[in-house]
Amino acid sequence: MNIVAVYAEDYPWDIRVEKLLVGFQNAGHTTHLVCRNRALRPANERVGNILCKRVPAPVLPRALASLISTPAFFNPMWAAAVRRCIRDARPELVVVRDLPLAPLAIRLANSAGIAVIVDMAENHPALWREVCASDPIPLRSWILKNPYLARRMERSVARRAHGFFVVVEEMREHLLALGVPPERVAVVSNTPELMSFDASGGSMPPDTFPPLSPHHVDLLYVGNVTRRRGLHQVVAAMAELREDDPMPRLHVVGDGDYLPRLRELAAKMKLAGRVFFHGRIEFARVPAIFARCHVGVISHLKTEHTDTTIPNKLFDCMACAKPVLVSNATPLERIVTAEDCGRVFRDGDIAGIANQIRALLDPELRRRLGANGRSAVERRYNWGRDMETALAAVQRFTRSPLSSR
(Lines give C-alpha, C1' and ligand atoms only; values in the text may rest on other atoms or scores of the structure.)
Protein backbone atom coordinates (compact mmCIF):
# COMPACT_ATOMS: atom_id res chain seq x y z
CA MET A 1 0.00 0.00 0.00
CA ASN A 2 1.18 3.53 -0.77
CA ILE A 3 0.62 5.89 2.17
CA VAL A 4 0.87 9.69 2.15
CA ALA A 5 1.31 11.31 5.56
CA VAL A 6 0.72 15.02 6.21
CA TYR A 7 2.52 16.68 9.13
CA ALA A 8 2.18 20.36 10.01
CA GLU A 9 5.74 20.83 11.33
CA ASP A 10 9.29 20.34 10.07
CA TYR A 11 10.67 16.84 9.69
CA PRO A 12 13.04 15.72 10.99
CA TRP A 13 12.14 15.25 13.69
CA ASP A 14 9.07 13.95 15.49
CA ILE A 15 9.22 10.63 17.28
CA ARG A 16 5.59 9.69 16.66
CA VAL A 17 5.78 10.48 12.94
CA GLU A 18 8.97 8.46 12.64
CA LYS A 19 7.66 5.42 14.51
CA LEU A 20 4.40 5.32 12.56
CA LEU A 21 6.01 5.69 9.14
CA VAL A 22 8.83 3.25 9.87
CA GLY A 23 6.24 0.83 11.24
CA PHE A 24 4.25 1.11 8.00
CA GLN A 25 7.43 0.49 6.01
CA ASN A 26 8.32 -2.58 8.07
CA ALA A 27 4.88 -3.95 7.23
CA GLY A 28 5.62 -3.58 3.50
CA HIS A 29 4.01 -0.21 2.79
CA THR A 30 5.61 2.74 0.97
CA THR A 31 5.46 6.10 2.75
CA HIS A 32 5.61 9.71 1.60
CA LEU A 33 5.55 12.68 3.97
CA VAL A 34 4.33 16.20 3.21
CA CYS A 35 5.75 18.46 5.93
CA ARG A 36 6.63 22.06 6.73
CA ASN A 37 9.97 23.67 5.84
CA ARG A 38 10.78 26.54 8.19
CA ALA A 39 14.38 25.28 8.34
CA LEU A 40 14.71 25.64 4.53
CA ARG A 41 15.83 22.07 3.90
CA PRO A 42 15.67 20.56 0.39
CA ALA A 43 12.16 20.51 -1.06
CA ASN A 44 12.46 16.78 -1.79
CA GLU A 45 14.62 14.60 0.42
CA ARG A 46 14.81 11.04 1.66
CA VAL A 47 15.22 10.97 5.45
CA GLY A 48 16.02 7.37 6.28
CA ASN A 49 13.44 5.60 4.15
CA ILE A 50 10.88 8.41 4.42
CA LEU A 51 10.35 10.47 1.24
CA CYS A 52 9.83 14.08 2.41
CA LYS A 53 8.01 16.69 0.31
CA ARG A 54 8.47 20.04 2.04
CA VAL A 55 6.33 23.19 2.10
CA PRO A 56 7.62 25.58 0.77
CA ALA A 57 10.69 25.00 -1.40
CA PRO A 58 13.84 26.55 0.15
CA VAL A 59 13.96 29.62 -2.10
CA LEU A 60 12.46 32.23 0.23
CA PRO A 61 13.80 34.11 3.26
CA ARG A 62 13.23 32.12 6.44
CA ALA A 63 10.70 34.54 7.98
CA LEU A 64 8.61 34.66 4.81
CA ALA A 65 8.78 30.88 4.37
CA SER A 66 7.51 30.43 7.92
CA LEU A 67 4.65 32.87 7.39
CA ILE A 68 3.34 31.50 4.11
CA SER A 69 3.67 27.88 5.26
CA THR A 70 1.38 28.38 8.27
CA PRO A 71 -0.40 25.02 8.62
CA ALA A 72 -4.07 25.86 8.01
CA PHE A 73 -6.79 24.05 6.09
CA PHE A 74 -7.32 27.11 3.86
CA ASN A 75 -3.64 27.61 2.94
CA PRO A 76 -3.33 27.15 -0.86
CA MET A 77 0.37 26.29 -0.58
CA TRP A 78 -0.43 23.26 1.58
CA ALA A 79 -3.33 22.32 -0.69
CA ALA A 80 -1.07 22.37 -3.74
CA ALA A 81 1.62 20.30 -2.02
CA VAL A 82 -0.79 17.63 -0.74
CA ARG A 83 -2.63 17.48 -4.08
CA ARG A 84 0.68 17.07 -5.94
CA CYS A 85 1.86 14.30 -3.61
CA ILE A 86 -1.45 12.44 -3.97
CA ARG A 87 -1.19 12.75 -7.76
CA ASP A 88 2.41 11.50 -7.89
CA ALA A 89 2.32 8.81 -5.18
CA ARG A 90 -1.16 7.45 -6.03
CA PRO A 91 -1.76 6.37 -2.43
CA GLU A 92 -4.46 4.10 -1.04
CA LEU A 93 -4.36 5.95 2.30
CA VAL A 94 -3.69 9.45 3.64
CA VAL A 95 -2.73 9.88 7.31
CA VAL A 96 -2.88 13.46 8.57
CA ARG A 97 -1.40 14.43 11.91
CA ASP A 98 -3.70 16.50 14.15
CA LEU A 99 -6.51 18.91 13.46
CA PRO A 100 -5.09 22.03 11.67
CA LEU A 101 -4.56 20.31 8.30
CA ALA A 102 -7.18 17.58 8.69
CA PRO A 103 -10.02 19.32 6.77
CA LEU A 104 -7.66 20.01 3.85
CA ALA A 105 -6.34 16.45 3.74
CA ILE A 106 -9.83 14.98 4.02
CA ARG A 107 -11.19 17.16 1.21
CA LEU A 108 -8.37 16.31 -1.20
CA ALA A 109 -8.26 12.61 -0.34
CA ASN A 110 -12.02 12.14 -0.47
CA SER A 111 -12.19 13.86 -3.85
CA ALA A 112 -9.71 11.26 -5.11
CA GLY A 113 -11.58 8.37 -3.47
CA ILE A 114 -8.81 7.74 -0.91
CA ALA A 115 -9.34 6.77 2.73
CA VAL A 116 -8.17 9.22 5.43
CA ILE A 117 -6.99 8.59 8.99
CA VAL A 118 -6.57 11.53 11.36
CA ASP A 119 -3.85 10.98 13.96
CA MET A 120 -5.25 12.98 16.90
CA ALA A 121 -2.13 13.25 19.06
CA GLU A 122 -3.55 16.43 20.66
CA ASN A 123 -6.93 17.83 21.67
CA HIS A 124 -6.46 21.04 19.69
CA PRO A 125 -9.61 22.91 20.75
CA ALA A 126 -8.63 22.51 24.41
CA LEU A 127 -4.95 23.23 23.72
CA TRP A 128 -5.72 26.38 21.75
CA ARG A 129 -8.01 27.64 24.50
CA GLU A 130 -5.07 27.41 26.92
CA VAL A 131 -2.74 29.08 24.42
CA CYS A 132 -5.15 31.99 23.92
CA ALA A 133 -5.58 32.41 27.68
CA SER A 134 -1.82 32.61 28.28
CA ASP A 135 -0.70 34.62 25.22
CA PRO A 136 0.47 38.16 26.15
CA ILE A 137 -0.84 39.23 22.72
CA PRO A 138 -4.25 37.45 22.74
CA LEU A 139 -5.34 38.74 19.32
CA ARG A 140 -2.46 36.88 17.69
CA SER A 141 -3.60 33.54 19.09
CA TRP A 142 -7.28 34.21 18.46
CA ILE A 143 -6.49 34.70 14.77
CA LEU A 144 -4.14 31.75 14.32
CA LYS A 145 -5.35 29.34 17.03
CA ASN A 146 -9.01 30.12 17.58
CA PRO A 147 -10.52 27.49 19.90
CA TYR A 148 -14.08 28.09 18.65
CA LEU A 149 -13.03 27.51 15.04
CA ALA A 150 -11.15 24.42 16.21
CA ARG A 151 -14.33 23.03 17.78
CA ARG A 152 -16.20 23.47 14.51
CA MET A 153 -13.33 21.87 12.60
CA GLU A 154 -13.29 18.96 15.02
CA ARG A 155 -17.01 18.27 14.59
CA SER A 156 -16.65 18.38 10.80
CA VAL A 157 -13.62 16.09 10.80
CA ALA A 158 -15.42 13.65 13.12
CA ARG A 159 -18.07 13.15 10.42
CA ARG A 160 -15.78 12.91 7.41
CA ALA A 161 -12.67 10.88 8.29
CA HIS A 162 -12.53 7.13 7.76
CA GLY A 163 -10.81 6.62 11.10
CA PHE A 164 -8.82 8.11 13.95
CA PHE A 165 -5.70 7.28 15.91
CA VAL A 166 -5.73 8.70 19.46
CA VAL A 167 -3.09 8.45 22.16
CA VAL A 168 -5.26 7.67 25.17
CA GLU A 169 -8.65 6.22 26.12
CA GLU A 170 -9.93 9.58 27.33
CA MET A 171 -9.50 11.08 23.84
CA ARG A 172 -11.31 8.08 22.39
CA GLU A 173 -14.26 8.83 24.68
CA HIS A 174 -14.15 12.46 23.54
CA LEU A 175 -14.50 11.42 19.89
CA LEU A 176 -17.27 8.96 20.68
CA ALA A 177 -19.15 11.82 22.33
CA LEU A 178 -18.87 13.68 19.00
CA GLY A 179 -20.61 10.79 17.28
CA VAL A 180 -17.65 8.86 15.87
CA PRO A 181 -18.49 5.12 15.81
CA PRO A 182 -16.32 3.08 18.22
CA GLU A 183 -14.94 0.93 15.39
CA ARG A 184 -13.52 4.08 13.77
CA VAL A 185 -11.20 4.93 16.68
CA ALA A 186 -7.97 3.11 17.59
CA VAL A 187 -5.84 3.93 20.63
CA VAL A 188 -2.23 4.11 19.40
CA SER A 189 -0.40 5.58 22.36
CA ASN A 190 2.92 7.41 22.79
CA THR A 191 4.77 4.32 23.95
CA PRO A 192 8.49 3.50 23.61
CA GLU A 193 10.33 0.87 21.64
CA LEU A 194 11.61 -1.57 24.24
CA MET A 195 15.03 -1.85 22.64
CA SER A 196 15.55 1.91 23.11
CA PHE A 197 14.88 2.03 26.85
CA ASP A 198 16.08 -0.09 29.72
CA ALA A 199 17.13 0.36 33.29
CA SER A 200 20.83 0.57 32.41
CA GLY A 201 20.62 3.61 30.12
CA GLY A 202 22.99 4.18 27.24
CA SER A 203 25.41 7.01 26.65
CA MET A 204 26.63 9.13 29.54
CA PRO A 205 24.36 11.87 30.90
CA PRO A 206 25.38 15.52 30.53
CA ASP A 207 28.38 16.72 32.51
CA THR A 208 26.14 19.26 34.23
CA PHE A 209 24.53 16.49 36.29
CA PRO A 210 26.06 16.30 39.78
CA PRO A 211 27.55 12.95 40.78
CA LEU A 212 25.45 10.21 42.32
CA SER A 213 25.38 10.24 46.09
CA PRO A 214 23.67 8.10 48.73
CA HIS A 215 22.70 11.37 50.39
CA HIS A 216 20.50 12.55 47.49
CA VAL A 217 17.44 11.41 45.55
CA ASP A 218 17.33 12.94 42.07
CA LEU A 219 13.99 13.85 40.48
CA LEU A 220 13.92 14.44 36.73
CA TYR A 221 11.65 16.42 34.42
CA VAL A 222 12.27 16.17 30.65
CA GLY A 223 10.33 18.26 28.14
CA ASN A 224 9.16 21.72 27.18
CA VAL A 225 9.17 24.28 29.97
CA THR A 226 5.91 26.22 29.92
CA ARG A 227 3.67 27.25 32.77
CA ARG A 228 1.15 24.59 31.76
CA ARG A 229 3.73 21.92 32.69
CA GLY A 230 3.27 22.82 36.37
CA LEU A 231 6.94 22.82 37.34
CA HIS A 232 6.53 25.93 39.48
CA GLN A 233 4.54 23.75 41.89
CA VAL A 234 7.34 21.19 42.14
CA VAL A 235 9.95 23.90 42.69
CA ALA A 236 7.80 25.37 45.46
CA ALA A 237 7.47 21.92 47.03
CA MET A 238 11.25 21.50 47.03
CA ALA A 239 11.47 24.42 49.45
CA GLU A 240 9.49 22.36 51.98
CA LEU A 241 12.01 19.51 51.88
CA ARG A 242 15.14 21.30 53.08
CA GLU A 243 15.60 19.11 56.16
CA ASP A 244 14.86 15.75 54.55
CA ASP A 245 17.50 13.03 54.36
CA PRO A 246 18.33 11.87 51.79
CA MET A 247 17.98 15.30 50.22
CA PRO A 248 15.81 15.45 47.07
CA ARG A 249 17.18 17.34 44.06
CA LEU A 250 15.15 18.41 41.02
CA HIS A 251 16.64 18.35 37.52
CA VAL A 252 14.85 20.20 34.71
CA VAL A 253 15.93 19.10 31.22
CA GLY A 254 14.40 21.21 28.47
CA ASP A 255 13.74 24.75 27.34
CA GLY A 256 10.77 27.05 26.93
CA ASP A 257 9.31 30.46 27.59
CA TYR A 258 8.72 29.75 31.29
CA LEU A 259 12.31 28.75 32.06
CA PRO A 260 13.43 32.26 33.17
CA ARG A 261 10.51 32.41 35.62
CA LEU A 262 11.45 29.02 37.05
CA ARG A 263 15.04 30.13 37.51
CA GLU A 264 13.83 33.24 39.32
CA LEU A 265 11.56 31.17 41.56
CA ALA A 266 14.35 28.75 42.46
CA ALA A 267 16.69 31.65 43.25
CA LYS A 268 14.04 33.44 45.31
CA MET A 269 13.48 30.28 47.36
CA LYS A 270 17.24 29.80 47.79
CA LEU A 271 17.27 26.37 46.16
CA ALA A 272 20.82 26.45 44.79
CA GLY A 273 22.20 22.91 44.89
CA ARG A 274 18.67 21.52 45.00
CA VAL A 275 17.19 22.59 41.66
CA PHE A 276 19.26 22.28 38.46
CA PHE A 277 18.48 23.50 34.92
CA HIS A 278 20.26 21.60 32.15
CA GLY A 279 18.72 23.04 28.98
CA ARG A 280 17.62 21.05 25.96
CA ILE A 281 19.26 17.68 25.34
CA GLU A 282 19.00 15.46 22.26
CA PHE A 283 16.49 12.63 22.55
CA ALA A 284 19.13 9.91 22.12
CA ARG A 285 20.54 10.80 25.55
CA VAL A 286 17.21 10.61 27.37
CA PRO A 287 17.53 6.93 28.42
CA ALA A 288 20.90 7.66 30.02
CA ILE A 289 19.43 10.63 31.85
CA PHE A 290 16.52 8.58 33.19
CA ALA A 291 18.96 5.86 34.29
CA ARG A 292 21.00 8.51 36.12
CA CYS A 293 18.05 9.75 38.23
CA HIS A 294 15.72 8.11 40.73
CA VAL A 295 12.21 9.49 40.01
CA GLY A 296 10.52 10.88 36.89
CA VAL A 297 8.32 13.96 37.27
CA ILE A 298 5.26 14.83 35.15
CA SER A 299 3.62 17.81 36.80
CA HIS A 300 1.16 18.98 34.13
CA LEU A 301 -1.67 21.22 35.29
CA LYS A 302 -5.00 19.41 35.22
CA THR A 303 -6.98 20.85 32.29
CA GLU A 304 -9.29 19.64 29.54
CA HIS A 305 -6.21 19.28 27.34
CA THR A 306 -4.12 17.24 29.78
CA ASP A 307 -7.19 15.15 30.64
CA THR A 308 -7.30 13.90 27.02
CA THR A 309 -3.64 13.31 26.15
CA ILE A 310 -0.59 11.53 27.52
CA PRO A 311 3.11 12.48 27.38
CA ASN A 312 5.71 10.11 25.93
CA LYS A 313 7.87 10.55 28.98
CA LEU A 314 5.49 8.68 31.28
CA PHE A 315 6.16 5.45 29.41
CA ASP A 316 9.82 6.31 28.81
CA CYS A 317 10.34 6.60 32.55
CA MET A 318 8.41 3.40 33.24
CA ALA A 319 10.52 1.60 30.62
CA CYS A 320 13.64 2.61 32.55
CA ALA A 321 12.18 1.04 35.72
CA LYS A 322 11.90 4.41 37.44
CA PRO A 323 8.92 5.40 39.60
CA VAL A 324 6.96 8.45 38.48
CA LEU A 325 5.55 11.43 40.36
CA VAL A 326 2.55 12.72 38.40
CA SER A 327 -0.27 15.21 38.71
CA ASN A 328 -3.89 14.09 38.78
CA ALA A 329 -4.52 14.78 35.09
CA THR A 330 -6.98 11.99 34.31
CA PRO A 331 -4.88 9.68 32.06
CA LEU A 332 -1.78 10.08 34.23
CA GLU A 333 -3.68 9.26 37.41
CA ARG A 334 -5.50 6.33 35.80
CA ILE A 335 -2.39 4.61 34.45
CA VAL A 336 -0.11 5.24 37.43
CA THR A 337 -2.77 4.09 39.89
CA ALA A 338 -3.73 1.00 37.87
CA GLU A 339 -0.12 -0.10 37.39
CA ASP A 340 1.07 0.99 40.87
CA CYS A 341 4.17 2.53 39.31
CA GLY A 342 4.39 5.88 41.09
CA ARG A 343 2.66 8.48 43.19
CA VAL A 344 -0.07 10.98 42.25
CA PHE A 345 -0.54 14.50 43.64
CA ARG A 346 -3.45 16.88 43.30
CA ASP A 347 -2.77 19.81 40.99
CA GLY A 348 -2.14 22.91 43.08
CA ASP A 349 -1.42 21.06 46.34
CA ILE A 350 2.16 22.08 47.18
CA ALA A 351 2.16 20.29 50.53
CA GLY A 352 0.79 17.18 48.82
CA ILE A 353 3.61 17.26 46.28
CA ALA A 354 6.16 17.55 49.09
CA ASN A 355 4.58 14.61 50.93
CA GLN A 356 4.67 12.40 47.84
CA ILE A 357 8.32 13.30 47.20
CA ARG A 358 9.03 12.48 50.83
CA ALA A 359 7.42 9.05 50.39
CA LEU A 360 9.60 8.42 47.33
CA LEU A 361 12.77 8.92 49.35
CA ASP A 362 12.29 5.28 50.43
CA PRO A 363 14.58 3.17 48.18
CA GLU A 364 12.56 -0.03 48.59
CA LEU A 365 9.35 1.74 47.53
CA ARG A 366 11.13 3.22 44.51
CA ARG A 367 12.44 -0.20 43.52
CA ARG A 368 8.98 -1.80 43.73
CA LEU A 369 7.19 0.99 41.85
CA GLY A 370 9.89 1.09 39.18
CA ALA A 371 9.68 -2.68 38.66
CA ASN A 372 5.90 -2.41 38.30
CA GLY A 373 6.31 0.28 35.65
CA ARG A 374 8.82 -1.74 33.65
CA SER A 375 6.56 -4.78 33.81
CA ALA A 376 3.62 -2.70 32.53
CA VAL A 377 5.66 -1.48 29.57
CA GLU A 378 6.82 -4.99 28.69
CA ARG A 379 3.26 -6.30 28.97
CA ARG A 380 1.19 -3.49 27.47
CA TYR A 381 2.64 0.00 27.02
CA ASN A 382 5.19 -0.60 24.25
CA TRP A 383 5.40 0.47 20.62
CA GLY A 384 5.38 -3.05 19.22
CA ARG A 385 1.90 -3.55 20.62
CA ASP A 386 0.69 -0.11 19.54
CA MET A 387 2.04 -0.52 16.01
CA GLU A 388 0.13 -3.80 15.72
CA THR A 389 -2.99 -1.88 16.72
CA ALA A 390 -2.26 0.79 14.10
CA LEU A 391 -1.74 -1.74 11.30
CA ALA A 392 -4.92 -3.62 12.17
CA ALA A 393 -6.83 -0.32 12.25
CA VAL A 394 -5.49 0.66 8.82
CA GLN A 395 -6.88 -2.56 7.36
CA ARG A 396 -10.21 -2.03 9.10
CA PHE A 397 -10.59 1.63 8.17
CA THR A 398 -9.63 1.23 4.51
CA ARG A 399 -12.03 -1.68 3.95
CA SER A 400 -15.07 0.51 4.73
CA PRO A 401 -16.19 2.99 2.05
CA LEU A 402 -17.31 6.48 3.01
CA SER A 403 -20.86 5.76 1.95
CA SER A 404 -21.22 3.10 4.65
CA ARG A 405 -20.81 5.53 7.54
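The values are calculated or read from the model by the stated rules, or taken from the named source; none is laboratory data. Fair warning: this is a prediction, and the values are worked out from it, not measured in the lab. Cβ: placed from backbone, ideal geometry, glycine included. Neighbour counts: every protein chain shown.
What is the residue count in the stretch 17-35 for residues that are closer than 13 Å to VAL394 by Cα and buried (at least 22 other Cβ atoms within 10 Å of the Cβ)?
Residues in the stretch 17-35 being closer than 13 Å to VAL394 by Cα and buried (at least 22 other Cβ atoms within 10 Å of the Cβ): 3 in total.
Only one residue in ARG38, ARG83, ARG54, ARG107 is among the basic types (Lys, Arg), assigned by TED's automatic domain parsing to the domain that holds ARG159 and surrounded by 21 or more Cβ atoms within 10 Å (Cβ to Cβ), so which one is that?
After applying the criteria, what remains is ARG54.
Are there helices (runs of 4 or more DSSP H) fully within the stretch 79-159 with at least 2 residues that are farther than 13 Å from ALA8 by Cβ and over 21 Å from the mean Cα position of the chain (by Cα)? List them.
102-111, 138-144
Limited to the stretch 4-16, what total is found for residues that are surrounded by 22 or more Cβ atoms within 10 Å (Cβ to Cβ) and closer than 16 Å to VAL394 by Cβ?
Qualifying residue count for the region: 3.
State all residues of the stretch 195-217 that are at pLDDT below 95 and not in a loop (DSSP other than H, G, I, E, B); if no residue qualifies, say none.
Matches in the stretch 195-217: MET195, SER196, HIS216.
Specify the residue that is farthest from ALA72 (Cα to Cα); the eligible residues are those in the stretch 1-23 that are without any contact (Cβ under 8 Å) to a residue 40 or more places away in the chain and assigned to a helix (DSSP H, G or I).
VAL22
Quick one: in the stretch 183-194, which of the residues that are part of a helix (DSSP H, G or I) and within 23 Å of the chain's Cα centre (by Cα) is nearest to ASP316 (Cα to Cα)?
LEU194
Scan (1) surrounded by fewer than 19 Cβ atoms within 10 Å (Cβ to Cβ); (2) free of Cβ contacts under 8 Å to residues at least 60 places away in the same chain; (3) out of contact with any Lys or Arg (no Cβ under 8 Å at 6 or more places or on another chain); (4) in a loop (DSSP other than H, G, I, E, B) for the single condition THR70 breaks and write down its number.
Looking at each condition in turn, THR70 falls short on (2).
Anything in the stretch 315-327 that is closer than 22 Å to HIS232 by Cβ and either free of Cβ contacts under 8 Å to residues at least 40 places away in the same chain or surrounded by fewer than 24 Cβ atoms within 10 Å (Cβ to Cβ) (or both)? List them, or say none.
VAL326
Please specify each residue of the stretch 275-333 satisfying the condition of being in contact with a Leu (Cβ under 9 Å, 6 or more places away or on another chain), small (Gly, Ala, Ser) and in a helix (DSSP H, G or I).
ALA319
Output the number of residues of the stretch 346-377 satisfying the condition of being within 16 Å of VAL235 (Cβ to Cβ) and outside any helix (DSSP H, G or I).
3
Considering only residues that are among the hydrophobic types (A, V, I, L, M, F, W, C) and at pLDDT below 95, look in the stretch 15-40 and name the one that is nearest to PHE315 (Cα to Cα).
My answer is ILE15.
For the subset of the stretch 328-360 comprising residues that are farther than 20 Å from ALA121 by Cα and touching a Ser or Thr at 6+ places or on another chain (Cβ under 7 Å), which member is surrounded by the most Cβ atoms within 10 Å (Cβ to Cβ)?
PHE345
Scan the stretch 35-67 residue by residue and report those that are of a type in the set (D, E, K, R) and in a helix (DSSP H, G or I).
Answer for the stretch 35-67, where residues must be of a type in the set (D, E, K, R) and in a helix (DSSP H, G or I): just ARG62.
Using the structure shown, decide if ILE298 is of a type in the set (Val, Ile, Thr), surrounded by fewer than 18 Cβ atoms within 10 Å (Cβ to Cβ) and in contact with a strand residue (DSSP E or B) (Cβ under 6 Å, 6 or more places away or on another chain).
no
Being surrounded by fewer than 23 Cβ atoms within 10 Å (Cβ to Cβ), modelled with pLDDT under 95 and either under 20 Å from the mean Cα position of the chain (by Cα) or among the polar types (S, T, N, Q) (or both) is the requirement here; does GLY273 meet it?
No.
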